[in-house]
Amino acid sequence: MRNQSSRNAPLEISPEEFRVLGHKLTDEIARFLEGISSQKVNPANTPKEVRQLMGTSLFPRDGESAAKLMDETSQLLLNHSTLNGHPSFFGYITSSAAPIGALADLLAAAVNPNVGSFQLAPVATEIERQTIAWISEMIGYRKECGGILLSGGNMANFVCFLAARKAMSTWNISKVGLGGSDARRLRVYTSTQTHFWIQKAVDLFGLGTEAIRWIPVDANLRMDVARLEKEIISDKANGDLPLMVVGTAGSVGTGAIDPLEKIAEICSRHNVWFHADGAYGGVAAVMPDAPGDLRRLSLADSVAVDPHKWLYAPLEAGCALIRDQKLLADAFGFHPTYFTFDAAQGEAPTNYYELGPQNSRGFRALKVWLGMRQAGRSGYERMIADDCALARELFDCVKEHKELEARTQGLSITTFRYIPHGADTSDPNVASYLNELNEALLSRIQVSGEAYVSNVVIEGTFLLRACIVNFRTESKHVRALPELAVGLGRELHAEMSKGLKPAETCRP
Ligand SMILES: Cc1ncc(COP(=O)(O)O)c(C=O)c1O
């Protein structure tokens, strides 16, 4: 047997070595951030190329020195990643991460509190509580709400969904599930623009995708509330139980905001839970001139917000807010006999394991809390308003180009497409060619490394989509995008039109 008086454990790093490695790493990260705007946004490596860069395939029998590993791994990541911190990264809703978040994660991992219970994480628990209260205040939600941080928007929406399912079912759903003798069919109402978390939720939590009533949208891609009310009335008449309406506060595709005030009225009239998905747009309520409906989030029974989107926290951080903390405890409050966390004297502590699906939990609040303290409310007002202004500038710039069609502009999202000169967009063959052309253009823009956009399909039309949740973006970056799209669009059109039958082409 080995002598255990001095273990020399293979994972230990001496304080001296940690200091050296840490200094070196922070120097490298600082250099990376300094030069980020002159890098390619996207390395465009194939999976095989990435595996070759990693160089290892088998789990090593023996370990290696931490210094060597940190050298290799920092080079691998800093030189071969898709850079969402680049000022020309406009893809999906993935923000530039605040550098203070990287320092926060290092500190959080070093202390490593388990934020499942107050006893195991006293400071971290109170920091999480305060972060949630600040997010709630920032978006104008209720003062006395409950909440919990999760890994992202999907999980935040799931937690609100589960709290609603528990609160709204008229039978003991925790005990008998969805199939009890007095159970009714639960229905969920949501617009066709809703993020696909809702499909995962109804599937994962037993309702099935047929429980969703897809409500059509108007010309501005906002939920048709007259249709919503009709569906609720009809389901009630059939003996079903309308569980929840999901109103989106900033849709993933175009940044559209549903008529939240009207949805709230309908929910209150028919006793249906009103959930607002503010994963993207929720925090834009902080802008003094935020759209009216965004200022009505306080009417919702629950709200999902995503600090790793527009609070610019590094991944991962989502936040579920709920009108009454007790509703979270009802949905998640199971107590094993080996937990004795309530023994503290005086005030009952917050134990987050009772308020959400996770048991052991990391300290994701720190990066959010420090970012909120560093920027303050006024800092976020400015950064979010600037992102929206840049998206509007992009829209105007796209409109100036004869070969681009500007389609939508909402919050910080602008959509557009490339249309070659002379194309007759009313011809179905041309319409389908334009979809193919713009899909190919998306990929060419991404591979170029000059900028990164994603896409949305609206009523069968494939559109390029730029979402600016990026405090490093400036006018010059958005102004370069239309030029890039036209240049690459022309190149592609020349290539693709050669391969098409004359009737299907739309040559200039
Ligand atoms: C409106 C909306 N809801 C939910 C999500 C899911 O968030 P996450 O990717 O953080 O899980 C997104 C992501 O873009 C979103 O835009």
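Taken over region 168-192, the criterion of being of a type outside the set (Ser, Thr, Tyr) and either over 32 Å from the mean Cα position of the chain (by Cα) or open to solvent by 80 Å² or more (accessible area, probe 1.4 Å) (or both) is satisfied by 171, 172, 175, 176, 179, 180, 182, 183, 184, 185. Reported count of residues in region 235-252, each being touching a His at 6+ places or on another chain (Cβ under 9 Å) and either assigned to a loop (DSSP other than H, G, I, E, B) or away from the ligand (no atom under 16 Å from the Cβ) (or both), is 4. Whether any residue in region 341-352 is open to solvent by 30 Å² or more (accessible area, probe 1.4 Å), over 24 Å from residue 318 (Cα atoms) and charged (D, E, K, R) is what I want to check. Yes, region 341-352 contains at least one residue that is open to solvent by 30 Å² or more (accessible area, probe 1.4 Å), over 24 Å from residue 318 (Cα atoms) and charged (D, E, K, R). Taking region 193-207 as the range and being surrounded by 13 or more Cβ atoms within 10 Å (Cβ to Cβ) and of a type in the set (A, V, I, L, M) as the test, the residues that pass are 198, 201, 202, 207. Applying the criterion of being among the charged types (D, E, K, R) and in a helix (DSSP H, G or I) to the residues of region 264-317, the residue that is farthest from the ligand (Cβ to nearest atom) is 269. Is it the case, given these coordinates, that residue 194 is among the β-branched types (Val, Ile, Thr) and in a loop (DSSP other than H, G, I, E, B)? Against the criterion (among the β-branched types (Val, Ile, Thr) and in a loop (DSSP other than H, G, I, E, B)), residue 194 qualifies.
The number of residues in region 81-110 that are under 19 Å from the mean Cα position of the chain (by Cα), more than 16 Å from residue 316 (Cβ to Cβ) and in a helix (DSSP H, G or I) comes to 1.
Of the residues 152, 116, which is within 20 Å of the chain's Cα centre (by Cα), open to solvent by less than 20 Å² (accessible area, probe 1.4 Å) and touching a residue at least 60 places away in the same chain (Cβ under 8 Å)?
152 is the lone residue from the list that is within 20 Å of the chain's Cα centre (by Cα), open to solvent by less than 20 Å² (accessible area, probe 1.4 Å) and touching a residue at least 60 places away in the same chain (Cβ under 8 Å).
Of all the listed residues (370, 355), the sole one being touching a residue at least 24 places away in the same chain (Cβ under 8 Å), among the aliphatic types (A, V, I, L, M) and farther than 25 Å from residue 97 by Cβ is 355. Right, residue 452: open to solvent by 20 Å² or more (accessible area, probe 1.4 Å) and either of a type in the set (Phe, Trp, Tyr) or within 18 Å of residue 402 (Cβ to Cβ) (or both) or not? Yes.
The values are calculated or read from the model by the stated rules, or taken from the named source; none is laboratory data. These numbers were taken from a predicted model, which means no experiment stands behind them. Note: ideal-geometry Cβ built from the backbone for every residue, glycine included; neighbour counts use all protein chains shown. Note: accessible area is taken over every heavy atom of the protein model, side chains too, but ligands, DNA and RNA are not part of it. Shrake-Rupley method; radii C 1.70, N 1.55, O 1.52, S 1.80 Å.
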